[in-house]
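Here the structure comes first, spelled out in structure tokens, and everything after it is commentary.
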Amino acid sequence: MSAASPPVPRPPIVFYDGVCGLCNHWIDFLLRQDRDQRLQYAPLQGTTAAQTLPGGAQQQPESVILWDGHTLHERSDAVWRMLCLLPFPWPCCGWALRMVPGFLRNLGYKLVARNRYRWFGRKETCRMPTPAERALFLP
């Protein structure tokens with residue numbers, strides 16, 4: 001009789017507003033910097049978000065969400081944690097951002113989130129990954 005192999009850990013998932021110009025720029029940044037492909041990506045409007053996130057979280061397109069397999073991290077907490085998953089020098093930026101009190105980080109986050117469509121535009125459809133990126137994107 002063979003022992004069951006342990007489950008393979010799943011990479012953290014970045015949930016983002018798929019029609020937000022700023023959010024798509026953020027995903028492009030993460031893709032360029034994440035050379036080890038430690039992250040996966042899913043639009044909040046997709047089926048992965050509907051199956052993974054609690055109902056209220058999926059209905060908040062103004063928040064980027066990082067799901068690490070155990071915990072949902074939202075807003076600026078998600079941002080600094082994502083930076084910490086990237087190669088040097090980005091973890092330093094993540095830890096520096098973490099040093100800012102949470103209420104101030106989230107105040108800035110909410111200001112940008114409230115104006116993101118006006119400042120960065122709104123797309124008609126979610127971002128389509130390139131063939132090279134396709135394995136990193138979830139529906």
Could you check the range 60-97 and list, in sequence order, the residues that are on the phi < 0 side of the Ramachandran plot, surrounded by fewer than 19 Cβ atoms within 10 Å (Cβ to Cβ) and of a type in the set (G, A, S)? G94, A96
Take residues that are touching a residue at least 12 places away in the same chain (Cβ under 8 Å) and tell me which of the strands (runs of 3 or more DSSP E) falling wholly in the range 21-110 contain 3 or more. 40-43, 65-67
Can you spot a residue in the range 29-49 that is modelled with pLDDT of 95 or more, of a type in the set (D, E, K, R), touching a strand residue (DSSP E or B) at 6+ places or on another chain (Cβ under 7 Å) and under 28 Å from T125 (Cα atoms)? no
Can you pull out every residue in the range 120-132 that is loosely packed, with under 10 Cβ neighbours inside 10 Å and either assigned to a helix (DSSP H, G or I) or in contact (Cβ under 8 Å) with a residue 40 or more places away in the chain (or both)? E124, T125
Please work out if V100 is modelled with pLDDT of 90 or more and surrounded by 15 or more Cβ atoms within 10 Å (Cβ to Cβ). no
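The values are calculated or read from the model by the stated rules, or taken from the named source; none is laboratory data. Remember, it's a predicted structure, so these values are computed and weren't measured experimentally. We place every Cβ from the backbone using ideal geometry, glycine too, and count neighbours over all the protein chains shown.
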